[in-house]
Amino acid sequence: MDLNKEILVAASSILNPVVLGSPRILTIYKTWRTLSSICVSNQHRFVFIRIPKAANTALLFNLYLSTGGKEIDFWDRRKITYEHFSHLGGKTLMKGILPLKYYTFFTVCRNPYTRILSAYLQKFAMSAFIKRFQSVKPSFLPSIDGFLSFLTFLENGGLYSDHHWIPQVDFLWPEKSRIDYLLRSESLDSDMHRLFKTLNLDTPNKYHEDIGKKIIKSGSAPTGADKKISSFYVGQSGRAAAKIVYRLYRKDFEVFGYPASIPNLNF
């Protein structure tokens, strides 16, 4: 085991009660893979738990522009996280200087059926990603059978091969009970208004001016998974796909309160 990882996990067991007010000890995986994506604002005293494929980019940009951020390119979101805000990486945790237990914690969740479909449609259909992922699994071409093939790959050990399809509960830090505001992708606009009011920030427009254009330009345009769900979870392959999704993301369904059923689909 890497010595730095050992030190980091040991430090988390000591600092969690002090910094977070939580006794939970982080696993090496969770510490190493998810903390660096957590966005912290010391000025506005909040911690944003970013979950991939759950409207985290839209919320990140709204937070950036509502906290004094200037015009920035879409692909500079790493710069936003690491420079405009702070990220909750190992060094920050080990220093233990942030009184995070007094901060407002929030995240955005999404229905597991649409989240994983969105990840699939983006990575295996959109030009910005297709070369990278098809070189690994060319059989995942966009279709119901391709979707089932992709899910079978996840069930056979690929679930943690990329952060876009890691279960949402694995990003919760330190635990769901610590989350002050749970926003939902399905009601993001109204949920953002409620959150920004609590944070004493200017109420954002749905995506702020030009954010949608930047998302499209970057090759990360919305996949329309919410509207396509009925097309990918039908027939024998679709029903098999739905059952795999529920098995893989059962904790997401339970923790975030999403129903196991899909409209017009019986298990």
Quiz item: Given the structure, is residue 80 surrounded by fewer than 22 Cβ atoms within 10 Å (Cβ to Cβ), touching a Cys at 6+ places or on another chain (Cβ under 9 Å) and modelled with pLDDT of 70 or more?
Solution: yes
Practice problem: Hey, could you check segment 22-77 for residues that are of a type in the set (Val, Ile, Thr), modelled with pLDDT of 85 or more and more than 28 Å from residue 117 (Cβ to Cβ) and say which is surrounded by the fewest Cβ atoms within 10 Å (Cβ to Cβ)? | Solution: 67
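Condition check ((1) at pLDDT 80 or above; (2) assigned to a loop (DSSP other than H, G, I, E, B)) across all residues:
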{"residue": "182", "(1), (2)": "yes, no"}
{"residue": "192", "(1), (2)": "yes, no"}
{"residue": "204", "(1), (2)": "no, yes"}
{"residue": "207", "(1), (2)": "no, yes"}
{"residue": "223", "(1), (2)": "no, yes"}
{"residue": "252", "(1), (2)": "yes, no"}
{"residue": "259", "(1), (2)": "yes, yes"}
Quiz item: So, of the residues in segment 227-244 that are surrounded by 18 or more Cβ atoms within 10 Å (Cβ to Cβ) and in contact with a strand residue (DSSP E or B) (Cβ under 9 Å, 6 or more places away or on another chain), which turns out to be farthest from residue 183 (Cα to Cα)?
Solution: 238
Practice problem: Kindly indicate whether residue 150 is assigned to a helix (DSSP H, G or I) and either without any contact (Cβ under 8 Å) to a residue 40 or more places away in the chain or surrounded by fewer than 16 Cβ atoms within 10 Å (Cβ to Cβ) (or both). | Solution: yes
Quiz prompt | Qualifying residue in segment 118-129 (condition: modelled with pLDDT of 90 or more and either of a type outside the set (Phe, Trp, Tyr) or under 17 Å from residue 58 (Cβ atoms) (or both)) | solution = yes
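The values are calculated or read from the model by the stated rules, or taken from the named source; none is laboratory data. Predicted, not measured: the structure shown is a model, and the values here were computed from it. Cβ atoms come from the backbone with ideal geometry, glycine included; neighbour counts cover every protein chain shown.
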